[in-house]
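Colleague: Sharing a structure with you now.
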Number of protein chains: 2
Amino acid sequence: MPQGQPLVVPDDGRTTRQRRHQPLLMVHTGDGKGKSTAAFGLALRAWNQGWSVGVFQFVKSAKWRIGEQHALETLGELHRRDGVGGAVEWHKMGSGWSWTRRVGDETDHAAEAAEGWAEIRRRLDAQAHDLYVLDEFTYPLNWGWVDVDEVVRTLADRPGRQHVVVTGRQADPRLVAAADLVTEMTKVKHPMDAGRKGQRGIEW
Amino acid sequence: MPQGQPLVVPDDGRTTRQRRHQPLLMVHTGDGKGKSTAAFGLALRAWNQGWSVGVFQFVKSAKWRIGEQHALETLGELHRRDGVGGAVEWHKMGSGWSWTRRVGDETDHAAEAAEGWAEIRRRLDAQAHDLYVLDEFTYPLNWGWVDVDEVVRTLADRPGRQHVVVTGRQADPRLVAAADLVTEMTKVKHPMDAGRKGQRGIEW
């Protein structure tokens with residue numbers, strides 16, 4: 001609850017206002033649904049604040065999240081055209097990152113993931129965005145394609161007021177330790193358990 | 001994973017396609033963050049499908065979710081103006097529901113909540129929307145302002161293909177039992193624990 005009183009007031013020499021405005025590292029993990037969906041909900045709030053939003057999807061299938069992508073890009077287009085809300089950039093690994101401009105060896109996902117992270121690091125250095133959605137980023141970390149310690153260090157040292165949300169199952173303990181806000185989404189019940197597959201509009 | 005194989009194929013005489021297209025009752029519960037945010041992420045997908053989205057916020061403060069509201073209403077306006085995406089209606093209890101047209105005794109939250117549910121029931125009967133977001137609806141249920149059994153019965157009997165997502169802590173076991181998909185959001189770590197209050201763009 002935003003209006004609530006903090007349980008602990010840290011002895012860090014900062015005022016409540018200063019603490020309030022610290023940029024957040026958020027992690028949505030667990031086996032349940034809603035990890036990415038909640039991250040894109042955060043992107044809605046960011047857009048409304050006029051923030052620049054950068055989405056980086058570390059997944060192989062271009063099919064995923066197409067609904068959110070189209071809706072958020074539509075909002076980004078409104079920003080470009082009418083100046084309302086914030087800018088939205090959506091990048092996905094699926095068929096080579098857009099900035100790599102290569103036809104690409106699409107089978108080398110490890111190299112693609114490393115390229116994705118390298119670009120994010122450059123943008124963090126340049127303070128390119130106000131909110132970064134690193135969607136399904138836990139997987140390249142867990143598979144050793146991107147070094148967790150380097151990511152944690154880079155995020156800890158990021159300049160300015162850049163919020164970052166990382167989604168994906170089995171978030172590395174070092175990432176959890178570094179995060180300000182960690183939510184675990186747990187499956188209580190899923191239609192798949194009753195033999196029902198995903199459907200359009202709900203799953204994508 | 002939408003492309004995955006169901007663990008169980010039920011003996012219900014339906015084809016996979018028929019089961020796939022059954023409307024879902026979804027519940028986002030638990031003490032963690034992301035319950036509402038993920039529901040509004042679902043609304044993005046629904047908008048992209050051209051679905052009519054009805055949001056009903058059972059909260060008292062008009063401050064909440066203003067970012068999502070503005071972003072989704074902007075998308076709804078695009079639908080009205082350019083015919084892209086779906087329609088979006090956003091109703092909130094905070095200052096009396098828009099359809100009640102009364103100056104209102106704003107202190108009688110129980111009556112307001114009951115009015116909200118009565119309108120949702122009318123709309124379900126009329127198949128007014130494709131996706132209903134009943135935000136923070138667990139609270140009026142838990143406080144006895146709206147009858148859980150009646151809600152579960154109405155939702156079970158709803159006609160057509162209307163998806164419903166209910167958010168809020170401590171979802172009633174009867175609602176959980178009736179739902180197709182239940183996700184629990186659990187707090188692993190929150191900035192409040194470190195004495196940091198909510199901030200604009202992140203919490204609202």
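Colleague: Fully extended, how many nm does the chain gain between residue A:187 and residue A:149 (0.36 nm per residue separation, minus their Cα-Cα distance)? Don't skip to the end; give the middle numbers.
Modeller: Numbers: separation 38, 0.36 × 38 = 13.68 nm, distance 2.91 nm.
Stretched out fully, the residue A:187 to residue A:149 stretch lengthens by 10.8 nm.
Colleague: Between residue A:142 and the same site in the other copies, what are the distances in nm, shortest first, taking label points 7 Å from Cα along the C-beta direction?
Modeller: Distances between equivalent label points, in nm: 3.0.
Colleague: Sorted from shortest, what are the nm distances separating the label point of residue B:169 from equivalent points in the other copies, each placed 7 Å from Cα along Cα to C-beta?
Modeller: Label-point separations across copies, in nm and ascending: 2.9.
Colleague: With unit charges on the beta carbon (Lys/Arg positive, Asp/Glu negative), name the residue among A:83, A:146, A:95 whose Cα is farthest towards the positive pole of the charge dipole of segment A:26-167.
Modeller: Working it through, the farthest residue towards the positive pole turns out to be A:83.
Colleague: Next question. Taking a point 7 Å out from Cα toward Cβ as the label site, list the nm distances between residue A:22 and the same residue in every other copy, smallest first.
Modeller: 4.7
Colleague: Set the bar at 24 Å for Cα to Cα. Now go through A:33/B:187; A:92/A:189; A:35/A:189; A:187/B:189 and name every pair that lies beyond it. Intermediate results must be reported in sequence, preceding the final value.
Modeller: Details: A:33/B:187 15 Å; A:92/A:189 30 Å; A:35/A:189 15 Å; A:187/B:189 19 Å.
Over 24 Å Cα-Cα: A:92/A:189.
Colleague: Hey, can you grab everything whose amide H is under 5 Å from the amide H of residue B:189? Only 5+ residues off in sequence or another chain; H modelled, so Pro and N-termini drop out.
Modeller: HN-HN under 5 Å from residue B:189: A:182.
Colleague: Another question, then. Apply the a/c threshold of 1.5 to the C-alpha gyration tensor of segment A:26-167 and tell me whether it is rounded, prolate or oblate.
Modeller: Values: a/c = 1.43, a/b = 1.29, b/c = 1.11.
Here segment A:26-167 falls in the rounded category.
Colleague: Counting only residues 5 or more places away or on other chains, whose amide H sits under 5 Å from the amide H of residue A:55 once H atoms are built in the peptide plane?
Modeller: Here A:89, A:90, A:91, A:133 satisfy the definition.
Colleague: For residue B:170 and residue A:176, FRET efficiency with R0 = 25 Å and r from the beta-carbon atoms, rounded to 0.05?
Modeller: Numbers: r = 25 Å, r/R0 = 1.01.
Using R0 = 25 Å, I get an efficiency of 0.50.
Colleague: Compute the relative contact order of segment A:26-167 as a whole-number percentage, counting only Cα pairs closer than 8 Å that sit 6 or more residues apart in sequence.
Modeller: Numbers: 219 pairs, mean separation 45.6, N = 142.
With pairs under 8 Å counted, the relative contact order is 32 percent.
Colleague: If you filter segment A:32-83 for trypsin sites (Lys or Arg not before Pro), then keep DSSP loop positions with at most 13 other Cβ within 10 Å, what is left?
Modeller: On the way: sites: A:33, A:35, A:45, A:60, A:63, A:65, A:80, A:81; in loops: A:33, A:60, A:63, A:65.
Sites meeting the loop and neighbour criteria: A:63.
Taken together, the values in this text are just the output of simple stated rules run on the coordinates, not laboratory data. These numbers were taken from a predicted model, which means no experiment stands behind them. Reconstructed Cβ throughout: ideal geometry from the backbone, glycine too, with neighbour counts over all protein chains shown.
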